[in-house]
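One structure is given here, and the rest of the page talks about it.
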Amino acid sequence: MESPGKNIRSILLIDDDRDDFDVVVEALQKIDPSISVSYVSTCEEIPKYRRRSFDMVLLDINMPRHDGFYWLKAIREQGFTNLPIVMY
């Protein structure tokens, strides 16, 4: 049986807490060191990644100014309708 995460090579983590990023990277490196994780602390930083494609986004729900639901809607409105987004 093939692993469901086998095609996940590149992840964008959006979280206002850098410690959460460090925990996620450490866990993913134990699972598969070839997975690349990029980090932004606010969604306002996302445009610098527009030309990169990600296989998945990990999105913090509880952030200052705008919560994760606001950013989920904004990401979807930008046309990223098939991009898996995991909110936590």
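Summary of computed values
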read-out: Output for the range 7-44, where each listed residue is open to solvent by less than 60 Å² (accessible area, probe 1.4 Å) and among the small types (Gly, Ala, Ser); value: Ser10, Ala27, Ser36, Ser38, Ser41
read-out: Tabulated pairs, the range 59-77, first acidic (Asp, Glu), second open to solvent by less than 100 Å² (accessible area, probe 1.4 Å) and outside any strand (DSSP E or B), C-beta under 8 angstrom, 6+ apart or interchain; value: Asp60/Asp15; Asp60/Asp16; Asp60/Asp17; Asp60/Asp20; Asp60/Gly68; Asp60/Tyr88; Asp67/Ile61
read-out: Failed criterion for Pro47 (all others in (1) surrounded by fewer than 11 Cβ atoms within 10 Å (Cβ to Cβ); (2) at pLDDT 85 or above hold); value: (2)
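The values are calculated or read from the model by the stated rules, or taken from the named source; none is laboratory data. What you see is a predicted model; the values in this text were computed from it and never measured. All Cβ positions, even for glycine, are placed from backbone atoms using ideal geometry, and neighbour counts span all protein chains on display. With ligands, DNA and RNA removed, areas are computed over all heavy atoms of the protein, side chains included. Shrake-Rupley method; radii C 1.70, N 1.55, O 1.52, S 1.80 Å.
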